[in-house]
1. Restricted to segment 111-128, and to residues that are assigned to a loop (DSSP other than H, G, I, E, B) and in contact with a strand residue (DSSP E or B) (Cβ under 7 Å, 6 or more places away or on another chain), which residue is surrounded by the fewest Cβ atoms within 10 Å (Cβ to Cβ)?
2. For residues that are aliphatic (A, V, I, L, M) and under 16 Å from CYS86 (Cβ atoms), tally how many sit in segment 8-27.
3. Which pairs turn up if I take residues in segment 14-32 that are touching a residue at least 40 places away in the same chain (Cβ under 8 Å) and look for partners that are part of a strand (DSSP E or B) and of a type outside the set (Val, Ile, Thr) with beta carbon separation below 7 Å, at least 6 apart in sequence or on another chain?
4. Exactly one condition in (1) more than 17 Å from ALA10 (Cα to Cα); (2) touching a helix residue (DSSP H, G or I) at 6+ places or on another chain (Cβ under 9 Å); (3) part of a helix (DSSP H, G or I) is false for LEU102; which is it?
5. Filtering segment 146-182 down to residues that are among the small types (Gly, Ala, Ser) and out of contact with any strand residue (DSSP E or B) (no Cβ under 7 Å at 6 or more places or on another chain), which residue is farthest from VAL135 (Cα to Cα)?
6. Looking at GLU173, GLU209, can you tell me which residue is more than 25 Å from ALA76 (Cβ to Cβ) and touching a residue at least 60 places away in the same chain (Cβ under 8 Å)?
7. So which residues in segment 67-79 are buried (at least 17 other Cβ atoms within 10 Å of the Cβ) and either closer than 12 Å to ASP38 by Cα or in contact with a strand residue (DSSP E or B) (Cβ under 7 Å, 6 or more places away or on another chain) (or both), if there are any at all?
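Read-outs: derived from the displayed coordinates by stated rules, not from any lab. Predicted, not measured: the structure shown is a model, and the values here were computed from it. Counting neighbours? That spans all protein chains shown, and the Cβs are built from the backbone with ideal geometry, glycine included.
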Amino acid sequence: MKFGVVVFPASNCDLDAYHMVTDVMGEEAVYLWHGDRDLKGVDLVILPGGFSYGDYLRCGAIARFSPLMEAVKAFAARGGLVLGICNGFQILLESGLLPGALYRNDNLQFRCQPTLIRVEQAGLPFTGAMQEGDVLKIPIAHGEGNYYAPPRLLQELEAGGQVVFRYVNERGEATLEANPNGSLRNIAGICSRQGNVLGMMPHPERAGESILGSDHGRGIFRSVIQYWRGRKEGAAS
């Protein structure tokens with residue numbers, strides 16, 4: 001499987017994502033420059049964390065106008081897999097590829113810490129190798145991760161199975177204390193209606209090796225690899 005890792009000015013998790021894909025998962029990866037329009041034939045696009053364009057105006061507000069994002073939006077419209085992590089999630093929201101918004105953390109602090117997230121939907125390309133209810137230990141590092149959507153949209157997301165991850169405690173409960181940023185309904189990640197675009201604030205690319213505190217992030221990458229191989233085998237038969 002071939003992954004594309006987008007590089008924006010001030011991206012700082014592109015190297016982590018590349019390492020996760022190549023050194024940990026053993027798959028192919030290429031860097032995609034924000035000023036280009038060529039996705040180089042990748043099977044999945046990763047929008048990594050960082051501070052694209054210095055986070056001027058709003059997080060992700062300028063990155064949405066990058067030439068490469070035109071290609072990413074067209075790719076997603078064709079059913080291509082797109083994973084936005086942290087700042088990448090913010091870019092997906094600003095680009096209209098996912099609904100809702102991300103505000104400043106309700107504590108007005110930048111939070112860099114391990115979190116626990118519960119898998120809410122296990123039938124997606126990004127979660128197929130996991131079980132619903134699985135609790136993953138994945139770190140966060142953000143100041144604007146407070147997910148918001150108006151009540152009607154929240155209901156639509158819940159009813160449509162688009163809430164993929166939720167912040168929980170060690171017992172798997174979505175409590176106020178387990179929520180690091182004030183996100184409504186403890187939402188840590190959502191997907192598109194078709195399930196091919198995922199945005200999440202926690203960093204699975206930083207949870208690929210137990211020496212770093214957790215290898216639970218592998219489950220997300222393992223899922224997309226499994227999904228891609230299954231789709232490829234189905235097309236060949």
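1. Just the residues of segment 111-128 that are assigned to a loop (DSSP other than H, G, I, E, B), to begin with: 120-128.
Add one more test, that the residue is in contact with a strand residue (DSSP E or B) (Cβ under 7 Å, 6 or more places away or on another chain), and what stays is 120-121, 124-127.
Values: GLU120: 22, GLN121: 20, LEU124: 23, PRO125: 24, PHE126: 29, THR127: 25.
Ranking the qualifying residues of segment 111-128, first place goes to GLN121.
2. Total meeting the criteria: 4.
3. That search, which allows pairs on different chains as well, returns VAL21/PHE3; VAL21/ALA29; VAL24/GLU209; GLU27/PHE3.
4. (3)
5. At the first step, the residues of segment 146-182 found to be among the small types (Gly, Ala, Ser) are 149, 159-161, 172, 174, 178, 182.
Narrowing the set further to residues that are out of contact with any strand residue (DSSP E or B) (no Cβ under 7 Å at 6 or more places or on another chain) leaves 149, 159-161.
Details: ALA149: 24, ALA159: 21, GLY160: 21, GLY161: 18 Å.
Among those that are among the small types (Gly, Ala, Ser) and out of contact with any strand residue (DSSP E or B) (no Cβ under 7 Å at 6 or more places or on another chain), it is ALA149.
6. GLU209
7. LEU68, MET69, ALA71, VAL72, PHE75, ALA76
Let's see how each residue does on (1) surrounded by fewer than 24 Cβ atoms within 10 Å (Cβ to Cβ); (2) closer than 27 Å to ASN179 by Cβ; (3) out of contact with any helix residue (DSSP H, G or I) (no Cβ under 7 Å at 6 or more places or on another chain):
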| site | (1), (2), (3) |
| --- | --- |
| VAL197 | no, yes, no |
| MET201 | no, yes, no |
| GLU205 | no, yes, no |
| SER210 | yes, yes, yes |
| ASP215 | yes, yes, yes |
| SER223 | yes, yes, yes |
| TRP228 | yes, no, yes |
